[in-house]
Structure formats: structure tokens, C-alpha cells
Amino acid sequence: MIGILDSENKKDFLKLCGSADIFACRISCLYESYSEYEGIVDFWVQYNENGTASSVISKYSSAVTAFCTDGADTGELENFVNAVGFSSFECNLPVLSDRPSGVIMKLDRNLYSAENIEQVSINTSVPDYKSIYRLLDSCRSESFTVPSYEDFLIELSHRLRHGTSQFCCIEKDGIPLAFAMTAAISANTALIGSVCTAKNARCHGFGGACVCRLIEMSGEREIYIIRAENENESFYSNLGFKNAGDYFCSIREL
């Protein structure tokens, strides 16, 4: 049974959101960022036939995210997600498709080392959103999607104010050369995303330096990234990340 988040199931919702998982982290981040604003994000909790909370679900705009435990009723979840509608559906289990869309990698702190990363000045203060967006847009590709500037500005500025995202960039003469941010942060997990380097500044270790700074800023949290199946594996492996599972995402035009 799937029910909307309320005072009775809030405890179960928060417990599942505290799981060390990127999808739980994303839902937790949305809750911390937007739960005080009515009507922006919807949240639900699924219970299995034994009465145990088995999934948490969020819908932000038309993007739906779910974190499922082994006891989740994926058939019910599939019907529910199709009923509420979505443009994207992300989950840790193959609910709508059994074909992974990417690979999840997790930082192994025993392998992590920043010794070989070039020591450069990194900015972590409030960014120049327009210049950062121009850098992101210049790196746009089939596997590196970029939102509209308005969505990027609203989302990042809001999350920075609420402490649910962090960013860093390397600049030269006021122009960003490399950028990275935590796409989501929870109490025990951080997801690093939007790692990009200007085409004329690559092969200098700038992207790796940004990732290392975010790792330092994330404290003792479990650190994850998502990469396309055949891209960037050596880049993240050299920083101490190891493959940790599959990423499932279904895209649909509304």
C-alpha cells in the first residue's frame, strides 16, 4: 500500500531516507530543501503486506524518484508511478526497465588519495551563476544533460541557502575552468554530480581537484557518483571510486 507522507508515517519515511543510498539521499535532500513549502514536492511511503515500510517516493516537478528495500512491491510501484505520471523515473531497482541507464560508483576511502591532484585555488563561495552555467552548457552531451538556466539558477541557489548542496570551481581571470557540485546531501550520504572542465583546460587535473575538494567538504559521509556506462570509469577509479551497482532511469515525454 502506498500512502502520501503524513504525521503517522513520517518516522518510517525519515528512517528509509537515512539509508546510505543515492536515491534515498536524493529524496532526503528534496525533503530538507522543500518540505516547508507546500505543493512543491510530493512524498509517499509504501508498506508491504507485513506492514513494514518498504519504499519512499518523491515527485518534484515531473521527476519521480524511488528508493526501494528488498521487501518492496515493485509491481504496485510500477502501477503507481505510471498513474502519477513522470518525465523521468529514477530508482535503485529495475521497476520500469531492467536495462541499467548508468553505473553507480562509491568512494573507497582506503583507495582515495589527493596526493597526485594538482594543488590549485578553488572557489567555494557564492558562484557567478551565469558563468558557471556557460561552462556547464559548453560541456553538454548525450550523457551530460544540462537544465535551462532558470531551473539551474533556482535549484542551485535554493539548495545552497538550505545547505543541501555544495559546489566548487576553479577560475582564471574570473572565468570558470572546472566545476563540480553535490547533487544531493543527506546526513550520511553525498552524491557528486555536474563535474565538468572547459575544453581548453582539460588534462590539467582540474576536474579531479574539484571532486577531491567536495570529498573533503562532505566529511565522513558515504560518497557516490553516477556515470554513463562506458564513460569516465578511469577518471573516477583513479580517485578511489569503485563500481557499486546499476542506475535505473526511465525517460518519458509527458
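The values are calculated or read from the model by the stated rules, or taken from the named source; none is laboratory data. Computed from a predicted model, the values in this text were never measured in an experiment. Neighbour counts run over all protein chains shown; Cβ positions are idealised from the backbone, glycine included. Please note that ligands, DNA and RNA were not included when accessible areas were found on the heavy atoms of the full protein model with its side chains. Shrake-Rupley method; radii C 1.70, N 1.55, O 1.52, S 1.80 Å.
A few notes on this one:
- Summed over the range 74-123, residues that are farther than 27 Å from E222 by Cα and of a type in the set (D, E) total 2.
- Given (1) over 26 Å from L160 (Cα atoms); (2) modelled with pLDDT under 95, index of the condition V81 fails: (2)
- The residues on offer are S157, S148, and the sole one that is hydroxyl-bearing (S, T, Y) and without any contact (Cβ under 8 Å) to a residue 12 or more places away in the chain is S148.
- Options G207, G245, G240, G219: the member that is touching an Asp or Glu at 6+ places or on another chain (Cβ under 6 Å) and small (G, A, S): G240
- Among residues of the range 102-120, those that are at pLDDT below 90 and either out of contact with any Gly (no Cβ under 6 Å at 6 or more places or on another chain) or open to solvent by less than 40 Å² (accessible area, probe 1.4 Å) (or both), counted: 7
- Of all residues in the range 68-99, those satisfying the criterion of being more than 19 Å from the chain's Cα centre (by Cα), loosely packed, with under 14 Cβ neighbours inside 10 Å and assigned to a loop (DSSP other than H, G, I, E, B) are D70, G85, S97, D98, R99.
- Taking strands (runs of 3 or more DSSP E) as the structural unit, no element lying wholly within the range 1-67 holds at least 3 residues that are open to solvent by 60 Å² or more (accessible area, probe 1.4 Å), touching a residue at least 40 places away in the same chain (Cβ under 8 Å) and closer than 21 Å to S250 by Cα.
- Any hit, the range 109-132, residues being among the aliphatic types (A, V, I, L, M) and assigned to a helix (DSSP H, G or I): yes
- Applying a threshold of 7 Å to beta carbon distances and a minimum spacing of six or more residues, or different chains, the list of pairs starting in the range 186-214 at a residue that is farther than 22 Å from A20 by Cβ and ending at one that is assigned to a helix (DSSP H, G or I) and hydrophobic (A, V, I, L, M, F, W, C) reads C196/L135; C196/L136; T197/F206; A198/L135.
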